[in-house]
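To start, the structure under review is shown below, and the notes come after it.
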2 protein chains.
Amino acid sequence: MRDAFHDQLDTIFSDLGLICADVETAVRLATVALLTGDAEVAERVISADADIDRARERVEDNAFSLLSLQQPVAGDLRVVVAALRMVSELERMGDLSVHVAKIARLRVPNVAVPEEVRPTMSRMAMVAEDMVKRVGQIISERDVAAAIALGRDDEEMDNLRRASFAELLSEDWTYGVEAAVDVALLGRYYERIADHAVSVANRVVFVVTGERPHLTA
Amino acid sequence: MRDAFHDQLDTIFSDLGLICADVETAVRLATVALLTGDAEVAERVISADADIDRARERVEDNAFSLLSLQQPVAGDLRVVVAALRMVSELERMGDLSVHVAKIARLRVPNVAVPEEVRPTMSRMAMVAEDMVKRVGQIISERDVAAAIALGRDDEEMDNLRRASFAELLSEDWTYGVEAAVDVALLGRYYERIADHAVSVANRVVFVVTGERPHLTA
């Protein structure tokens, strides 16, 4: 039979899974706004961020109440603190999606990403979105193997970031400084989303195995 | 007479103050490396970051041991968790200083920041360094008034960031794409250092007053 502590912890982890789904939507729609120049979609990402912030507060309140009422020690205590850290990181991933959406909005009716570099940028966005989606499943299923696999895919993001820099610093770059700065910052935002995804996945490894994760973010 | 809980909490906060001093050094030296193109100084920032990471682990271990052994509830519990968050943010500020140092190192023997925009960039660096220094005092003295004042100075950073963008996007920009991307990313790193400084200061307000801080980072 489960005890009250583990029941409440399950509630917290199921809330983390729901927040992760909202973050996934934010990343996906921010990318749509970015690649199509759709201001209305960008606005939706920006205004939906308040829901993620509120959900984060709810998880925090539940975690504090769990700590206060159940007084967990040792491993159980560290699991609850890990959940507090995971929710901070998920909220931050939402903020980074808002940054992407704001660059998209700033360039409407144009598209911030020049056509020639759109393949690399949309690949970065796809990798980020896919990582967030997998983190959601990793949280729901406490899937250690999938969490460890996620860390490996972060390398693809690093490679894409390098490819993107090579594009905008090449002799052939004809889109000017503004587009280059947009692409550099967008690359940074997607890279940070991926970093946080890896970090959240590592915390799931810790929660399940008790092993201190190797943190990259 | 103080109890064991508050004695141990004092140790944690004094460690946070020491880490903040190390972060201040990191920001200062990263800026020196950036504005002089001194590779040796950049290397010092990069290699010293491991000390900040180790200090962070020590604070985390102390905080977990405090939570496990003293089982604080309500306000006391939230103070310990606030300390855990503060140490994460301080470590992140150290990482951002490393990012600055790495851009400096990448451009040696040149200087990453073109002469014309150096006044704005060095002002951003000065504001960031000053904010980190003040956060150190705010942590040591639990100075709520100074913490609230710090939040106001974050506006200067926002204004400098805008000024920096205006410089690199102006018609007169003659330094090419690489320098523009460097300046944009450097601006982002200093801005994030400042954001985290405000967030740490807000957590001190919470620790002293029990009021939930208004978080900007």
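Under a Cβ-only charge scheme (Lys and Arg +1, Asp and Glu -1), can you give me the dipole magnitude of the stretch B:116-217 about the Cα centre, in debye to the nearest 20?
It comes to approximately 480 debye.
Among the residues of chain B, which one places its Cβ closest to the rotation axis that maps chain B onto chain A, and what is that distance in whole Å?
Smallest Cβ distance to the axis, with its residue: B:Gln71, 2.
Using a 7 Å offset from Cα along the direction of the beta-carbon, what are the separations from A:Glu211 to the same position in each other copy, nm, ascending?
So the label point of A:Glu211 gives 4.6 nm to the other copies.
Considering the options B:Val113, B:Val204, A:Val23, tell which one lies farthest towards the positive end of the dipole of the protein assembly as shown, charges being +1 on Lys and Arg and -1 on Asp and Glu at the Cβ, about the Cα centre.
Among B:Val113, B:Val204, A:Val23, the one farthest towards the positive end of the dipole of the protein assembly as shown is B:Val204.
Tell me the net charge near B:Ala112. Cut-off is 11 Å between Cβ atoms, B:Ala112 excluded, with +1 for each Lys or Arg and -1 for each Asp or Glu.
The answer is +2.
Would you calculate the separation in nanometres between label points at A:Ser47 and A:Asp172, each defined as 7 Å from the Cα along the Cα-to-beta-carbon direction?
The answer from the label model is 4.2 nm.
Sort B:His6, A:His196 by Cβ crowding within 10 Å, fewest neighbours at the top.
Final ranking by Cβ density, sparse to dense: B:His6, A:His196.
At q = 0.16, 0.30 Å⁻¹, what log₁₀ I(q)/I(0) does a Debye calculation on the Cα points of the stretch B:56-105 give, no solvent, two decimals?
With no solvent term, the Cα-only Debye profile gives -0.53, -1.05.
Quick one: among A:Val81, A:Val135, A:Val100, which has the greatest mean-square fluctuation in a GNM of chain A with alpha-carbon springs under 10 angstrom?
A:Val81
Can you give me the convex hull volume of the Cα atoms of the protein assembly as shown, divided per residue and expressed in Å³?
131 Å³
Grab the other residues whose beta carbon is less than 12 angstrom from that of A:Ala128, score K and R as +1, D and E as -1, and report the net.
The answer is -1.
Taking only the alpha carbons of chain B, what extent do you get along each of the three principal axes, in Å, biggest first?
64, 33, 21
Between the label point of A:Gly75 and that of the same position in each other copy, find the distances and list them shortest first in nm, with every label point placed 7 Å from Cα along the Cα-to-C-beta direction.
Going from nearest to farthest copy, the values are 3.5 nm.
What does the helix-only formula give at 222 nm for the protein assembly as shown: each DSSP H stretch with n ≥ 4 adding -39500 (n - 2.57), the total divided by the residues, and the result rounded to the nearest 500 deg cm²/dmol?
About -30500 deg cm²/dmol.
Would you mind counting up the charge near A:Val198? Only other residues with Cβ under 9 Å from its Cβ, with Lys and Arg at +1 and Asp and Glu at -1.
So the environment of A:Val198 carries a net charge of -3.
In debye, nearest 20: dipole of the protein assembly as shown around its Cα centre with unit charges on the Cβ of K, R (+) and D, E (-)?
For the protein assembly as shown, the charge dipole is close to 420 debye.
Equivalent-ellipsoid semi-axes (√(5λ), Cα gyration tensor) for the stretch A:76-190, whole Å, largest first?
In descending order, the three semi-axes are 32, 16, 11 Å.
Copy-to-copy spacing for A:Glu141, label 7 Å out on the Cα-to-C-beta vector, in nm, shortest first?
Taking the point 7 Å beyond Cα along Cα→Cβ, the inter-copy spacings are 5.5 nm.
Grab the beta carbon distance between B:Met126 and A:Ala21, set R0 = 51 Å, and tell me the FRET efficiency rounded to 0.05.
Once the sixth-power term is evaluated, E becomes 0.75.
Taking only Cα atoms and a 10 Å spring cutoff, compute GNM fluctuations for chain A and point out the largest among A:Glu115, A:Glu43, A:Glu91.
Per the Cα network of chain A with a 10 Å cutoff, A:Glu115 tops the list.
Read-outs throughout are calculated quantities, based only on the coordinates presented, and are distinct from any laboratory measurement. Quantities reported herein were computed from a predicted structural model and do not represent experimental measurements. Neighbour counts are summed over all protein chains in view; Cβ atoms, including those assigned to glycine, are modelled from backbone coordinates with ideal geometry.
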